[in-house]
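Here, each number is a calculation from the coordinates, and none is a lab measurement. Given the structure is predicted, the values throughout are model-derived calculations rather than measurements. Using ideal geometry, Cβ is built from the backbone for each residue, glycine included, and neighbour counts are taken over all protein chains shown.
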Amino acid sequence: MPSRAHLIRSAVHGLCLALTLAGAPVVAQNGDKPASPAPAIAIGADLASQAGTTRLTLTLSRAVEARGFVMERPDRAVIDLPEVNFQLDSAAGRRREGVVQSFRYGLFAPGRSRVVIDLAAPATIGRIETVTRAKDGAVLLTIPLQRVEREVFRKAAAASDPTPAQARSAPPEPADQRPLIMVDAGHGGTDPGAIAVGGVFEKDIVFGYAQALVEKLESSGRYRIRMTRDRDVFVPLADRVRLAREARADLFVSIHADSISAAPQVRGATIYTNAEKATDIESAKLAERENRADAAAGAEAAEAPPDIADILQELTLRETRGFSSGFARTLMGQLAPVMEMSAKPHREARFMVLRSPDVPSVLVELGYLSSKRDLEMLQSPEWRAGVTGSMAKAIDQFFGNRATLKAPTITRRSAAVAPVLP
């Protein structure tokens with residue numbers, strides 16, 4: 001029987017040959033520009049340490065340009081790449097080696113991928129090298145991480161410029177008066193969110209629920225729908241809020257799934273709305289974890305904007321929070337018959353993604369990946385259909401109970417001037 005190494009070498013050789021042929025520029029007969037080659041494919045990731053240097057080597061189908069920088073608090077090394085199709089083993093990135101605590105990878109922005117390396121000790125990035133392996137044509141991209149003193153690392157981090165690409169939103173359709181629903185699938189790209197024991201990522205589960213909800217809402221014809229992300233890509237928390245505000249959304253629904261490894265018996269769904277003071281310490285801790293999503297993806301969190309400045313904006317904020325709480329209660333009433341709710345099904349906390357002062361917003365934690373029962377249900381297509389169907393009914397009821405399908409005049413009047421809350 002062929003060895004695993006032999007099978008991998010054969011797969012790499014075949015993959016490289018296929019991509020060489022498939023990725024070659026194609027000139028259209030009508031004289032259009034050549035088509036862009038397919039993204040490089042990563043099929044291997046290895047870690048090795050020697051004499052204070054830890055090397056992360058990616059096995060790729062073709063060469064790519066790589067840029068690296070380091071970040072402090074927490075200590076990370078970040079490698080930016082053009083779009084890469086990561087086909088790595090599910091356990092890749094979880095093994096500690098040398099100065100590497102762990103690493104994660106994924107799509108960071110359209111056309112851009114990122115590898116975020118959590119450092120176990122201060123380290124700087126050496127010269128990134130690319131070598132083509134003669135025996136099979138695979139490309140080895142090696143990233144050396146050299147252990148350094150804290151002060152050296154601090155200066156290297158200060159000199160870095162990890163400015164994330166800003167997402168762009170399409171202009172709203174002024175003639176269409178249907179309510180606009182912004183559906184937010186939590187996490188994404190280099191930020192996997194919670195991870196179940198079997199290696200299931202929160203970002204993948206909640207994206208499936210977001211897509212199912214969008215399909216149900218679109219089929220009714222009553223709403224305009226947008227998503228903060230329509231694929232496995234990282235979107236900063238502030239950008240999710242900005243996208244909803246720029247689109248003048250009438251409702252923002254963020255979908256997540258929690259995890260508490262120390263309490264696998266805890267299960268059930270919870271609906272959160274924004275508040276300066278959390279309902280309880282558990283809600284405060286969850287909001288703190290979710291608000292660190294940008295750091296987990298290797299991006300700097302946006303600076304806190306100024307506080308509410310005038311009475312009109314304060315009234316708008318109060319009104320928005322009232323609508324958010326009203327929708328949370330409506331959603332709770334629709335979900336309770338089809339799924340188990342947590343002990344406190346409606347809670348409040350200071351979630352960054354819920355801080356729009358003029359868009360009613362809720363965050364739905366569908367269940368716990370740390371609960372075997374919840375995880376089974378979250379992965380069930382039938383259960384997903386029932387849950388998203390009930391969410392769609394709650395949205396219908398929410399807008400049906402309002403005097404007009406559009407948000408109140410006071411909200412729309414202040415939308416252009418009200419700042420995003422800190």
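The H on the amide N of residue 109, modeled in the peptide plane, is under 5 Å from the matching H of 234, each at least 5 residues off or on a different chain.
Taking other C-beta atoms within 10 angstrom as a stand-in for reagent exposure, 155, 393, 135 fall in the order 135, 155, 393, fewest first.
Annotation: amide H of residue 227 within the under-5 Å range of 183, sequence separation 5 or more or interchain, hydrogens built in the peptide plane.
Taking a Cβ cut-off of under 11 Å around residue 347, the surrounding Lys, Arg, Asp and Glu residues balance to a net charge of -3, with basic ones at +1 and acidic ones at -1. Given the pairs 135/155; 155/277; 135/203; 155/203; 372/393, which are separated by over 32 angstrom at their Cα positions? Check vs 32 Å cut-off fails for 135/155; 155/277; 135/203; 155/203. Here the gap between residue 73 and residue 219, fully extended at 0.36 nm per residue and compared with their Cα-Cα distance, gives a gain of 48.0 nm. Summarising the label geometry, the points placed 7 Å from Cα in the beta-carbon direction at residue 177 and residue 230 lie 2.7 nm from one another.
Just report the Cα centroid separation between segment 173-206 and segment 354-403, whole Å. What the calculation gives is 12 Å, centre to centre.
Counting every other Cβ atom within 10 Å of each residue's Cβ, 359, 353, 78 order from fewest to most as 78, 359, 353. When you restrict to C-alpha pairs under 8 Å that are six or more residues apart and normalise by the size of segment 180-414, the relative contact order lands at 30 percent. Once a ≥ b ≥ c are taken as the square roots of the eigenvalues of the Cα gyration tensor of segment 75-129, is the result rounded (a/c under 1.5), prolate (a/b larger than b/c) or oblate (a/b not larger than b/c)? It is oblate, given that a/c is not under 1.5 and a/b is not larger than b/c.
For the listed peptides 191-200, 88-97, 274-283, a ranking on the average number of other beta carbons within 10 Å per residue, highest first, reads 191-200, 274-283, 88-97.
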